[in-house]
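Participant: Please find one structure pasted underneath; my questions will follow.
The values are calculated or read from the model by the stated rules, or taken from the named source; none is laboratory data. Note that this is a predicted model, so its numbers are computed, not measured. Cβ atoms come from the backbone with ideal geometry, glycine included; neighbour counts cover every protein chain shown. Just so you know, the surface numbers come from the protein's heavy atoms only, side chains and all, with ligands and any DNA or RNA stripped out. Shrake-Rupley method; radii C 1.70, N 1.55, O 1.52, S 1.80 Å.
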Amino acid sequence: MALAYRRSVTETWTLDASDGELIIRTGVAGRAARMGHRLTIAMTRWQAMVNWGGAEPVTAELVVEVDSFEVLRGEGGVKGLSVPEKVLVRSNALKSLSVSRFPEIRFTADTIDRTRHGYRLTGALDIRGRSLAHVIDLCTKDLGDSWRMFAESRVRQSDYGIKPHSLLMGSVQVADEVTVSFTAVRAKDD
């Protein structure tokens, strides 16, 4: 169900990590993939802004602070992911993302079309200084006094010049494609 109710002519919604979560899930590739961990990562500092024109969203932007990268857990592997290993994963990821040169990841949707379950956001995804066209299907659900929003998108790291981290001379690698999921709840009165 789309977010359809009477709105002022122009309005901006602002959402952040207090309204939801932005999660990245990685896979494992390589000859010894069974030894690696599938990671669940939270981006803990982000802000989404949605500009409305009447009853419809007209633009949207998501800005993520890259250094808010936090490894929540690692599944699989020979043994569990220890705290020092989580710190090492974070450090390697921040180097791969060149956080000192590119402190933000940004998605800007300049076209928003209504769909059966919400909206299709078409725009550009900027990661590590490279901007590519990207489409996100955002599902919405009316909870009565609030709206729940959910989206899941896949991103290939190599498209943005990111070399997935590897171990054991490439026998264990972070898979090139990662899954990004976004969930947020917005009160109707906000």
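Participant: Can you tell me how many residues within segment 143-155 are acidic (Asp, Glu) and either in a strand (DSSP E or B) or closer than 26 Å to Leu94 by Cβ (or both)?
Facilitator: 1
Participant: List the pairs whose first member sits in segment 113-127 and is among the polar types (S, T, N, Q), whose second member is surrounded by fewer than 14 Cβ atoms within 10 Å (Cβ to Cβ), and whose Cβ atoms are under 6 Å apart, counting only residues at least 6 apart or on separate chains?
Facilitator: Filtered contacts from segment 113-127: Thr122/Thr111; Thr122/Val135.
Participant: Just checking, how many residues over segment 148-157 are open to solvent by 60 Å² or more (accessible area, probe 1.4 Å) and closer than 23 Å to Val185 by Cβ?
Facilitator: Looking only at that region, the number is 3.
Participant: Now a separate question. Hey, among Val83, Val99, Val71, Val89, which residue is touching a Leu at 6+ places or on another chain (Cβ under 7 Å), modelled with pLDDT of 85 or more and more than 21 Å from Ala184 (Cβ to Cβ)?
Facilitator: Just one listed residue meets the conditions, Val71.
Participant: Within segment 38-66, can you find the residues that are of a type in the set (D, E, K, R) and over 16 Å from Thr111 (Cα atoms)?
Facilitator: Hits for segment 38-66 are Arg38, Arg45, Glu65.
Participant: For residues in segment 131-147 being at pLDDT 95 or above and of a type outside the set (A, V, I, L, M, F, W, C), which is surrounded by the most Cβ atoms within 10 Å (Cβ to Cβ)?
Facilitator: Of everything passing the filter in segment 131-147, His134 is surrounded by the most Cβ atoms within 10 Å (Cβ to Cβ).
Participant: Which strands (runs of 3 or more DSSP E) does segment 36-142 wholly contain that include 3 or more residues that are of a type in the set (A, V, I, L, M, F, W, C) and within 18 Å of Thr183 (Cβ to Cβ)?
Facilitator: Counting at least 3 such residues, we get 37-43, 46-53, 56-65, 104-114, 130-142.
Participant: Right, another one. Kindly provide the set of residues from segment 167-190 that are modelled with pLDDT under 85, surrounded by fewer than 18 Cβ atoms within 10 Å (Cβ to Cβ) and within 22 Å of the chain's Cα centre (by Cα), ordered by number.
Facilitator: Scanning segment 167-190 gives a single hit, Asp176.
Participant: Out of the residues in segment 54-100 meeting the condition of being open to solvent by 50 Å² or more (accessible area, probe 1.4 Å) and aliphatic (A, V, I, L, M), tell me which one is nearest to the chain's Cα centre (by Cα).
Facilitator: Per the stated criteria, the residue is Leu72.
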